[in-house]
Amino acid sequence: MRISGLKTHLIHCPIPEEQRVRSGAGLKLARQAALVEIETDEGISGIGPCSFGSASVDLFVVRSLVEHAISPMLKGRSAAEIETLWNDIYYGIVTRVLGHRGMGVALLSAIDIALWDIKGKVAGLPVHALLGGPTMRRAPAYGSSIYWSTPAEAAATAREFLDEGFGAVKLKIGVDVGRDLGCLAAIRDEVGPDVDIMVDANQNYSAALALRVGRELEQYNVLFFEEPIPIDDVAGHRQLAEALDTRVATGENLYTRWDFLPFITERAVDVVQPDASRCGGISEAKRIADLAAAHHAYSAPHTFSDAFTVMANLHVMAATSNTIILELDRTYNPLMTELVAEAIRPVDGFVEVPTAPGLGLTLDREFVVAHRYNGELGISAGGRPAVGTAAEVLADRAARDFRLTS
Ligand code: MG
């Protein structure tokens, strides 16, 4: 079976103003998806997503790269040879030109996932079965996320998530310590001791502040402390992981096994968070989870984009033994609910592991036509701070006091 063509589907769904959410990653303006569809000469096609849940990037770049760089490499090649094609793209384009992090690896991720979708459809098996699964019939899922708000609002949102079938919730922190811990206390009080709570700082704390917050988290029995500090600081993560009882997690902004490797081997994280649609595909997410398992660490995938991203990560989860919980977007996101025919919803805290061939999703092509990407940004540019430079969301007020803000 030969690859006969590649298509891109670029999708843009503006978020109504009253439903926009703000975290350390910025203010979300739209939900966006960049899907790559691979067609074969036998009529079977597969779809893979690049993870740009909302991005401060021009998604037309994805289409241009597919048409001018990737398509000429893949046309006429065997769709079954995923590993070889992965290496050809990675060493041919990504490492030489596009760089080890960012859009090139995300694009490689989409290609890899689309090829696994095809392989599953050809075999008549769900992707997890081709990877050695299933390891589970149902996957525990958490509601993502409770965004920056007041303690009373945060507690009310947590209650809504539980009422909708979630058994665990995540809180966005990183705004300021008093508010962060106030919201956490209110949520724990609301949901009781048996519901898992995660917190996510989106890299917004300095190392000293993360340590202070981390010590406070211990009294609330938090499942993991996500992206406490900037992802380039491996040593800082190791110090946190050593100092805290609460598990330290990171990975949604790490790309490929080589990005994760020092975090895993130096025991700088307790929980890795690869996203199959960003880290290098289903192939790479499985390798990363397995690397973590070899060092007795857990995995909990990031999936905050679209239904294809969730499903790609769910197949990896269902083929590993150290993946503890699945992220499910509970903010305004038609890419979770209207982009595909199948519903991905929690019941009693779990989602069903898919049994249909391939990824098990059917793209709603009318939805795609009705929500074509128009060149607008999905997230306010500059929303993510570098410590010491962004007055808007930097949590460490002590550090902000002496910084130039004009
Ligand atoms: Mg996160």
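The values are calculated or read from the model by the stated rules, or taken from the named source; none is laboratory data. Since the structure is predicted, the reported quantities are computational estimates derived from the model, not experimental observations. Backbone-built Cβ (ideal geometry, glycine too); neighbour counts: all protein chains shown.
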Taking first residues from the range 94-107 that are of a type in the set (Phe, Trp, Tyr) and second residues anywhere that are at pLDDT below 90, the pairs with Cβ under 8 Å that are 6 or more apart or on different chains are none
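For every residue, the table says whether it meets (1) within 16 Å of the ligand (Cβ to nearest atom); (2) at pLDDT below 95; (3) not assigned by TED's automatic domain parsing to the domain that holds residue 289.
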{"position": "100", "(1), (2), (3)": "no, yes, yes"}
{"position": "104", "(1), (2), (3)": "no, yes, yes"}
{"position": "114", "(1), (2), (3)": "no, no, yes"}
{"position": "118", "(1), (2), (3)": "no, no, yes"}
{"position": "121", "(1), (2), (3)": "no, no, yes"}
{"position": "138", "(1), (2), (3)": "no, no, no"}
{"position": "141", "(1), (2), (3)": "yes, no, no"}
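Out of the residues in the range 197-235 that are small (Gly, Ala, Ser) and modelled with pLDDT of 95 or more, which is farthest from residue 161 (Cα to Cα)?
Let us first name the residues in the range 197-235 that are small (Gly, Ala, Ser), namely 201, 206-208, 210, 214, 235.
If we keep only those that are modelled with pLDDT of 95 or more as well, we get 214, 235.
On the way: 214: 24, 235: 35 Å.
The residue in question is 235.
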Residue, surrounded by the most Cβ atoms within 10 Å (Cβ to Cβ), within the range 273-286, restricted to residues that are within 16 Å of the ligand (Cβ to nearest atom) and among the charged types (D, E, K, R): 278
List pairs: first residue in the range 130-152 and closer than 26 Å to residue 331 by Cβ and among the aromatic types (Phe, Trp, Tyr), second residue more than 16 Å from the ligand (Cβ to nearest atom) and not in a strand (DSSP E or B) anywhere in the structure, Cβ distance under 7 angstrom, at least six positions apart or on different chains. 142/166
Give all pairs with beta carbons closer than 7 Å in which a residue from the range 285-314 that is within 20 Å of residue 264 (Cβ to Cβ) and of a type in the set (A, V, I, L, M) meets a residue that is assigned to a helix (DSSP H, G or I) and within 14 Å of the ligand (Cβ to nearest atom); count only pairs at least 6 apart in sequence or on separate chains. 285/279; 285/313; 288/279
Just the residues that are within 14 Å of the ligand (Cβ to nearest atom), among the aliphatic types (A, V, I, L, M) and under 30 Å from residue 91 (Cβ atoms), please, taken from the range 222-246. 231
Restricting the range 307-328 to residues that are part of a loop (DSSP other than H, G, I, E, B) and away from the ligand (no atom under 16 Å from the Cβ), the residue that is nearest to residue 248 (Cα to Cα): 322
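Residue-wise test of (1) under 16 Å from the mean Cα position of the chain (by Cα); (2) aromatic (Phe, Trp, Tyr); (3) closer than 20 Å to residue 309 by Cβ.
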| position | (1), (2), (3) |
| --- | --- |
| 89 | no, no, yes |
| 96 | no, no, no |
| 103 | yes, no, yes |
| 109 | yes, no, yes |
| 122 | no, no, no |
| 141 | yes, no, yes |
Before we move on, is residue 37 in contact (Cβ under 8 Å) with a residue 12 or more places away in the chain, outside any loop (DSSP other than H, G, I, E, B), touching a Lys or Arg at 6+ places or on another chain (Cβ under 8 Å) and farther than 23 Å from residue 227 by Cβ? yes
Number of the exception - residue 163 against (1) surrounded by fewer than 24 Cβ atoms within 10 Å (Cβ to Cβ); (2) within 16 Å of the ligand (Cβ to nearest atom): (2)
From (1) closer than 29 Å to residue 106 by Cα; (2) of a type in the set (Val, Ile, Thr); (3) surrounded by fewer than 22 Cβ atoms within 10 Å (Cβ to Cβ), pick out the condition that doesn't hold for residue 229. (3)
How many residues does the range 329-354 hold that are of a type in the set (A, V, I, L, M, F, W, C), without any contact (Cβ under 8 Å) to a residue 40 or more places away in the chain and part of a helix (DSSP H, G or I)? 1
Residues that are within 15 Å of residue 295 (Cα to Cα), within 15 Å of the ligand (Cβ to nearest atom) and surrounded by fewer than 24 Cβ atoms within 10 Å (Cβ to Cβ), drawn from the range 247-270: 247
Of all residues in the range 287-303 being buried (at least 24 other Cβ atoms within 10 Å of the Cβ) and not small (Gly, Ala, Ser), which is nearest to the ligand (Cβ to nearest atom)? 302
Evaluate the following for residue 109: is it among the polar types (S, T, N, Q), within 30 Å of residue 18 (Cβ to Cβ) and either in the same structural domain as residue 329 (by TED's automatic domain parsing) or surrounded by 15 or more Cβ atoms within 10 Å (Cβ to Cβ) (or both)? no
Of the criteria (1) out of contact with any Leu (no Cβ under 9 Å at 6 or more places or on another chain); (2) of a type outside the set (Asp, Glu); (3) within 16 Å of the ligand (Cβ to nearest atom), which one residue 213 fails: (1)
Which of the following residues is touching a Leu at 6+ places or on another chain (Cβ under 7 Å), more than 16 Å from the ligand (Cβ to nearest atom) and modelled with pLDDT of 95 or more: 125, 74? 74
Return a yes/no flag: does the range 15-24 have any residue that is assigned to a strand (DSSP E or B), within 30 Å of residue 174 (Cβ to Cβ) and within 16 Å of the ligand (Cβ to nearest atom). yes
